[in-house]
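Here's the structure, in structure tokens; my notes come after.
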Amino acid sequence: MTTDPRDLEISRVMRAPRARVWRAFADPALLAQWWCPKPWVTEVKAFDLRPGGAFHTYMTGPLPDGTQGESDNPGCFLDVVPEVRVVGTSMLLPGWRPATPWMGLTNVFTLSDVDGGTLVHALAMHASAEDSGKHAQMGFYDGWGTMLSQWDACAAELSG
């Protein structure tokens, strides 16, 4: 558990074994099914699951005022240990090229075995406590909690 005011984190015990939880992340077609809270939709524009590889999602969905919202999120993977950890950032583009994101963020997803399932811990590291606070006010816990629930459901439905 972090005590850094620049960080936000959330954990969830998922029903599926770690191999299926990982598969639901590592397959871009599956990731698109759960990456953002429904009714929003995710398009995976790039997914090169290796350090320095591209990770780019584009999300669209309804806003509270009835208009259509969008969120374009290019970045890259920093570290990938299959079935254990994946680290990505919006601060760099593929091949380690600098980026200027609307909100600088590094995400760390860690998977570990627990009785009957998989513990997924998600850490969102921000450049400043102010950015972390903005992300929390934007609905980090509700949004990422919903995303984790959708990931859980997707992984639980996979065979094998």
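The values are calculated or read from the model by the stated rules, or taken from the named source; none is laboratory data. Fair warning: this is a prediction, and the values are worked out from it, not measured in the lab. So basically every Cβ, Gly included, is an ideal-geometry build from the backbone, and we count neighbours across all protein chains shown.
Tell me which of these Pro94 doesn't satisfy, since it passes every other one: (1) touching a Leu at 6+ places or on another chain (Cβ under 7 Å); (2) crowded, with 17+ Cβ neighbours inside 10 Å. The failed condition is (1).
Each residue in region 69-110 was checked for being outside any strand (DSSP E or B) and not acidic (Asp, Glu), and 13 pass. Just one of (1) outside any strand (DSSP E or B); (2) touching a residue at least 40 places away in the same chain (Cβ under 8 Å); (3) in contact with a helix residue (DSSP H, G or I) (Cβ under 8 Å, 6 or more places away or on another chain); (4) under 22 Å from His135 (Cβ atoms) fails for Thr2. It is (3). Condition (residue is in contact with a Pro (Cβ under 8 Å, 6 or more places away or on another chain), within 21 Å of Val13 (Cα to Cα) and β-branched (Val, Ile, Thr)) applied to region 105-116: is it met by at least one residue? The answer is no, given that none of the residues of region 105-116 is in contact with a Pro (Cβ under 8 Å, 6 or more places away or on another chain), within 21 Å of Val13 (Cα to Cα) and β-branched (Val, Ile, Thr). Residue pairs whose Cβ atoms lie under 7 Å apart, sitting 6 or more positions apart in sequence or on different chains, and linking a residue in region 114-141 that is more than 24 Å from Leu63 (Cβ to Cβ) to a partner that is of a type in the set (Val, Ile, Thr) and exposed (fewer than 13 other Cβ atoms within 10 Å of the Cβ), are Leu123/Thr2.
Within region 121-160, the set of residues being more than 13 Å from the chain's Cα centre (by Cα), small (Gly, Ala, Ser) and either farther than 17 Å from Gly104 by Cβ or surrounded by 18 or more Cβ atoms within 10 Å (Cβ to Cβ) (or both) comprises Ser132, Gly139, Ala153, Ala155, Ala156, Ser159, Gly160.
Inclusion of Asp113 among residues that are of a type in the set (Asp, Glu), in a helix (DSSP H, G or I) and at pLDDT 95 or above is not warranted.
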